[in-house]
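A.B. asks: This is the structure, below, for whatever I ask next.
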Amino acid sequence: MPALKVLSALDVARIQWYHFKAIIVAGMGLFTDAYDLFCIAPIMKMIGHIYYHKDSIGTAVLSTSYAIALLGTALGQLIFGYLGDRVGRRRVYGLCLMIMVLSSFGCGFSVCTTRRSCVIASLGFFRFVLGLGIGGDYPLSATIMSEFANKRSRGTFIAAVFSMQGLGILMSSAVTMAVCEAFKNAGKGSLEKMRAAGEETFAPWESDIAWRLILMIGALPAALTFYWRMLMPETARI
């Protein structure tokens, strides 16, 4: 009976600060999801330039690189959606966020700097793990927002959370252009100098660091919101 009163109170509650806080906290998760999922296309172009030279990177490699995170996302939605019902939304929410943070850094620290097969395999593994975290974040963000919202504004609040995806996509493009431009200016002439010296190398070190940095930057918004996520109370419907 007390639980029903709490649920009824949430359904008819007027819009308050905690509603907007929930939008920001849940929305930053979807912001990070979109950044991580959509930054891979320019990253693969950079990897193709660095490690494949005149060889084509191959449709199979590209397709696998794009799809492996989506496969992890599909599995993560099933696994963490179930755990959210059993263990609690807040606890699983934090777990998904930590997976996203650690795997984003893992993508950036993909082992090997010379063998392209090793780089692709390592990146694929961490992208799959990243997909698991993203998959858990999607349903939990929507569920938590819907359970905190009142009946009248529920659809609006959920739409506001998912609108953060568009901002995440825009940010992934902006960060990619900014990082590439910065490293381009820093590494001018380095490849020509190494070739003139007769050194065998795939690309200047600046280019190899650039794509790794772009991937690791995706961990920052998720890490910044982890504290606020842990302060959020468990939803009354669990």
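We did not get these values from a lab; they are worked out from the coordinates using the rules stated. Keep in mind that this is a model prediction, so the values were computed, not measured. Every residue, glycine as well, gets a Cβ built from its backbone with ideal geometry; the counts of neighbours run over all protein chains shown.
A.B. asks: Could you put Y51, Y82, Y93 in order, starting from the residue whose Cβ has the fewest other Cβ atoms within 10 Å?
C.D. replies: Ascending Cβ contact count within 10 Å gives the list Y82, Y51, Y93.
A.B. asks: Can you give me the pair-distance distribution of the range 17-231, C-alpha pairs, 5 Å bins, whole percents?
C.D. replies: 1, 7, 15, 18, 18, 13, 10, 7, 5, 3, 2, 1, 0, 0
A.B. asks: List, in order, the whole-Hz ³J(HN,Hα) value for each residue of the range 61-70 obtained from phi through the Karplus relation with A = 6.51, B = -1.76, C = 1.60 and θ = phi - 60°; use x for Gly and Pro.
C.D. replies: Along the range 61-70, the couplings run 5, 4, 4, 5, 4, 6, 7, 5, 5, 5 Hz.
A.B. asks: Which translational diffusion coefficient, to the nearest whole µm²/s, is obtained for the range 102-182 from the Stokes-Einstein equation, given a Kirkwood hydrodynamic radius over C-alpha pairs, 25 °C and 0.890 mPa s?
C.D. replies: In µm²/s, the coefficient rounds to 160.
A.B. asks: Enumerate the calculated ³J(HN,Hα) couplings along the range 23-33 in order (Karplus 6.51 cos²θ - 1.76 cosθ + 1.60, θ = phi - 60°), each rounded to whole Hz, writing x wherever the residue is Gly or Pro.
C.D. replies: 4, 5, 5, 5, x, 5, x, 5, 4, 5, 4
A.B. asks: Here's another thing I want to ask about it. Read phi for every residue in the range 39-45 and hand back ³J(HN,Hα) as whole Hz from Karplus 6.51 cos²θ - 1.76 cosθ + 1.60, θ = phi - 60°, with x for Gly and Pro.
C.D. replies: 7, 6, 4, x, 4, 5, 5
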